[in-house]
1. From the helices alone, meaning DSSP H stretches of at least four residues, give me the mean residue ellipticity at 222 nm for chain A, per-run term -39500 (n - 2.57), in deg cm²/dmol to the nearest 500.
2. Counting pairs of alpha carbon atoms under 8 Å apart in space and at least six apart in sequence, what relative contact order in percent does chain B give?
3. Order by neighbour count: B:17, A:268, fewest other Cβ atoms within 10 Å first, most last.
4. In nm, to one decimal, how far is the modelled label at residue A:49 from the one at residue B:155, with both set 7 Å along Cα→Cβ?
5. Any idea what angle helix A:82-114 forms with the longest principal axis of chain A, computed on alpha-carbon atoms, 0 to 90 degrees, nearest 10?
6. Assuming 0.36 nm per residue, please report the length gained on full extension of the stretch residue A:209 to residue A:232 beyond their Cα-Cα distance.
7. Using the Cα gyration tensor of region B:22-146, with a ≥ b ≥ c the square roots of its eigenvalues, what is the shape: rounded (a/c below 1.5), prolate (a/b larger than b/c) or oblate (neither)?
8. Remind me, relative contact order of region B:110-218 in percent, using alpha carbon pairs under 8 angstrom and six or more residues apart?
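Quick note: the coordinates plus some simple rules give every number you see, no bench work behind them. As the structure is a computational prediction, the values presented were derived from the model and not from experiment. Cβ placement follows ideal geometry from the backbone for every residue including glycine, while neighbour counts extend to all protein chains displayed.
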């Protein structure tokens, strides 16, 4: 009787009367001195870091009072150059728009060979991953510096910097989105005998689209903020005006720029956030 | 085994569309399929029954070469699929349509667009990328939906349809693919009885009307008799029963499933 179900049920029955799983031993005691060692290491890391970072609280106190002085001098914000500032803000948005779009196109091309479920071969997948990680690892700031040297000062260099860095980030998130999709519909489409390009575009992309669009919008929000900083390296946009005002100690103008930046970032985040919620 | 395809000269002998011979496959040292052989003839419905873990899904995946079987042959209209690779295999696979337990429709596409997925291989690439298959293809796809009683739902998004409706869309997709064989892997096991009956009726109809050979795995004994021309019982990777569908009953069912079918042991 007992042997019969085992014979019929094959592997499933073996789990029942089979050998018991190895019993976990009593919880292993970690020696007390080990805990003190870990604590000492953590403390040492903080002490060394504190020294290396040159933390100096009195200096901060002095600096803060200088900054409050600036803040007092900044009021009221100057509106004399508002048209120019708005134009530069538009440049920053343009850098993010074109940069993110270009990045999305590059990412779309690399994400398929980088996705585990679509590219089982590690010989293709790992180099694709490496490329994405390299692009992502180099900040858009660094890319912009390189492109300023290559194509000259201005928003074009900034746009290229944004595009290259965020193509890595978007590509990685795209690949992860694709990996999270159910395999069934693609498998069903593949059994029709169609090519990879056809099956992926027809059976996978429609279900992936909301996720992919959400990633692109999220990176757009991020790129608006990084485009602002890019002006500092001469890559155009409102950041360059920000840097000029600080260097000229023109605080009313600086305040205007900061307010424009705040309005711009808030508006874009709200808009993009709403769109993403709509997609979900 | 009924009607061997090799009986030349007999015009009434049904055509063997799919011949599985000595199919064997193991996962590690666990043998899942052990010399499975049978023929599928045009226009007939064959039900395959057997407990979970008997190897039904592996059998289907080996037939379509989603898994490369360890040994044996799968002949589709006389061509051995196990000998084919790459583009040749892709082309040969077109003659096999698979209907899955989980439907596997593209959720965000409409019913008719899902049916058109069956035409992917024949459509020009630009039409696929633009998702513009053309009016005649679209009309043909709606006609396929009509065959399974869903012409009125052509524009409904797949994830808005009920389970039974989604499964019938999957059958229409196989029809659009113009397959010679439909393999249905437990197509009704997550459906209620009335939805299941409609799905099986649709499978029965495409077999009878289009001469498609249907192989369908099932759990419910009551559904076999009115549906299948023939029943195969699979247990531990071997065919242990091969008989006419009309003669299949509780007793034979119990033989295939062992004592579990009678409630002696709880099902896992």
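1. So the calculated ellipticity at 222 nm is -25000 deg cm²/dmol.
2. Relative contact order of chain B: 25 percent.
3. On the way: B:17 24, A:268 18.
Starting with the residue having the fewest Cβ neighbours, the order is A:268, B:17.
4. 6.0 nm
5. 20 degrees
6. Values: separation 23, 0.36 × 23 = 8.28 nm, distance 3.54 nm.
That pair, residue A:209 and residue A:232, stretches by 4.7 nm at full extension.
7. Values: a/c = 2.17, a/b = 1.87, b/c = 1.16.
Since a/c reaches 1.5 and a/b is larger than b/c, the shape of region B:22-146 is classed as prolate.
8. Numbers: 133 pairs, mean separation 31.9, N = 109.
Reported as a whole number, the value is 29 percent.
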